[in-house]
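One structure below.
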Amino acid sequence: MNQLSQPTEPTVCPAGGTRRVSVRCDDVEQAQLFLSKEYVPVRVTSHQQRLFDFEATVAFCGGVGFSSASSRSGIQLDFEECFDGYGMSLPLAGSMSLGVGTKDRVSSRPQSGLMMDSRTVESVGLSSHSAWHRIALSSDELHAHMALLTQRPMRHRVRFEPHFSHECGAAALMFGISRSIIEGVRGHAPLLAAPSAIVSLKEAVLSLFVEAMPHDHSDHLRRPVALPAPRHVRRAIDFMHANALQPLRLADIAQAAQTSARSLQMAFRHFRDMTPMEYLRRLRLDGARDELIHCPPGASVAQIAYRWGFAHHGMFAKRYAKAFGESPSATLRRHRKD
């Protein structure tokens, strides 16, 4: 092999500069060059003296990175600088061990993944015949979302529980989103033409990190807050209806409603029995159905799903069927015959 595949040229979209890069090589120096360029300076070594291989695909969405990687030989990474962010790694095969400080190590367990403050991680060891998925968030991204929901500034690093189960629903959903993003920017990259979908997926991952994974701010997030008046909910609803095709974040909706993000979430749960983002998703499902009914010849379900912010087509089809009692393709076929 001995050839590093060149990274794709960064393709900037309105959703925060999304781009995809990939590498496949059997040379330690090439792997080291790739990882040092895309992450932080790192020294790469192989677990085997004569053999080495490394393969990775990464999709960067602003300050959030989604990656899928593997190594049959096994690989050791010793960081010269620590990444200023947080990482969530899910081993699919083999095992993973993180060096934290000069002596401590945190290792993956059977049927579990690792969630760490990357500023504490000095090295990563991956066994032979290993494969893994990873989600990395910059400190700026995570801290901004945490401050948005807690309504207080971040004064120290977030401390997560280091292990999570493969069966954790939130983790499974996050890595499902990760796979959708990686696939969506492959080839002709249809996801890059759907900024609403990218922002929705990124927002979902940030919210799951903050609200579903245990950390030292979890108790504060569970405390009740004063509910805003129903007029704030109405402002939020009017704003979402007027901007359903735009890449909306929870912060945008809360600003339009003239209340805090956390208060708005509580108010939606109280008055609408759902979160603002769930309401937006249902609104977009209605929009997608209307477009499937009235679309011109040649339009596809995938194109319409992307347009309305749905990048995970399996999840879109499942939610659509639950809402309307038929698959999106059935809607499209039926109205083409009419």
- Test: Ala257 is closer than 26 Å to Gly184 by Cβ and open to solvent by less than 50 Å² (accessible area, probe 1.4 Å): no
- Item | Checklist (1) assigned to a strand (DSSP E or B); (2) more than 16 Å from the chain's Cα centre (by Cα); (3) in contact (Cβ under 8 Å) with a residue 60 or more places away in the chain applied to Ala136, failing item | (2)
- Note on the structure: Of the residues in segment 260-277 that are without any contact (Cβ under 8 Å) to a residue 40 or more places away in the chain and open to solvent by less than 10 Å² (accessible area, probe 1.4 Å), the one that is nearest to Glu141 (Cα to Cα) is Leu264
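Collect the residues in segment 286-302 that are closer than 19 Å to Pro190 by Cβ, in a helix (DSSP H, G or I) and without any contact (Cβ under 8 Å) to a residue 40 or more places away in the chain, keeping them in residue-number order.
Going through segment 286-302, the residues closer than 19 Å to Pro190 by Cβ turn out to be 287-288, 291-292, 295-296, 298-302.
Okay, now just the ones that are also in a helix (DSSP H, G or I), so 287-288, 291-292, 301-302.
Listed by number, the residues that qualify are Glu291, Val301.
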- Among the residues of segment 148-188, write down those that are crowded, with 16+ Cβ neighbours inside 10 Å, among the polar types (S, T, N, Q) and more than 24 Å from Leu98 (Cβ to Cβ). Thr150, Ser180
- Tyr306, sole failed condition from (1) in contact with a Pro (Cβ under 7 Å, 6 or more places away or on another chain); (2) free of Cβ contacts under 8 Å to residues at least 12 places away in the same chain: (2)
- Query: Any residue in segment 52-72 that is of a type in the set (A, V, I, L, M, F, W, C), open to solvent by less than 30 Å² (accessible area, probe 1.4 Å) and more than 25 Å from the chain's Cα centre (by Cα)?
  - Reply: yes
- Item | Pick from segment 287-312, criterion closer than 27 Å to Asp238 by Cα and open to solvent by 70 Å² or more (accessible area, probe 1.4 Å), ranking: farthest from the chain's Cα centre (by Cα) | His294
- Message: Return the residues of segment 99-112 that are part of a strand (DSSP E or B) and either modelled with pLDDT of 95 or more or among the basic types (Lys, Arg) (or both); say none if nothing qualifies.
- Response: Arg105
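Would you confirm, using the coordinates I've provided, whether Ser196 is polar (S, T, N, Q), surrounded by 14 or more Cβ atoms within 10 Å (Cβ to Cβ), modelled with pLDDT under 90 and touching a Lys or Arg at 6+ places or on another chain (Cβ under 9 Å)?
Details: polar (S, T, N, Q): yes; surrounded by 14 or more Cβ atoms within 10 Å (Cβ to Cβ): yes; modelled with pLDDT under 90: yes; touching a Lys or Arg at 6+ places or on another chain (Cβ under 9 Å): yes.
So Ser196 passes the test.
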- Would you call Phe34 in a helix (DSSP H, G or I), buried (at least 21 other Cβ atoms within 10 Å of the Cβ) and of a type outside the set (Val, Ile, Thr)? yes
- Task: Could you tell me whether segment 81-89 includes any residue that is at pLDDT 95 or above, under 24 Å from Arg157 (Cβ atoms) and assigned to a loop (DSSP other than H, G, I, E, B)?
- Result: yes
- Out of (1) surrounded by 20 or more Cβ atoms within 10 Å (Cβ to Cβ); (2) at pLDDT 90 or above, the odd one out for Asp78 is which? (1)
- Residues Ser118, Ser178: which one is in contact with a helix residue (DSSP H, G or I) (Cβ under 8 Å, 6 or more places away or on another chain) and under 17 Å from Phe60 (Cβ atoms)? Ser178
- Residue count, segment 201-232 (criterion: closer than 24 Å to Met154 by Cβ and in contact with a helix residue (DSSP H, G or I) (Cβ under 9 Å, 6 or more places away or on another chain)): 22
- Task: Might you check whether a residue that is assigned to a strand (DSSP E or B), farther than 20 Å from Ser130 by Cα, modelled with pLDDT under 95 and open to solvent by 40 Å² or more (accessible area, probe 1.4 Å) occurs anywhere in segment 6-21?
- Result: yes
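The values are calculated or read from the model by the stated rules, or taken from the named source; none is laboratory data. These numbers come from a predicted model, not from an experiment. Note: ideal-geometry Cβ built from the backbone for every residue, glycine included; neighbour counts use all protein chains shown. Accessible surface is based on the protein model in full, side chains and every heavy atom, while ligands, DNA and RNA are left aside. Shrake-Rupley method; radii C 1.70, N 1.55, O 1.52, S 1.80 Å.
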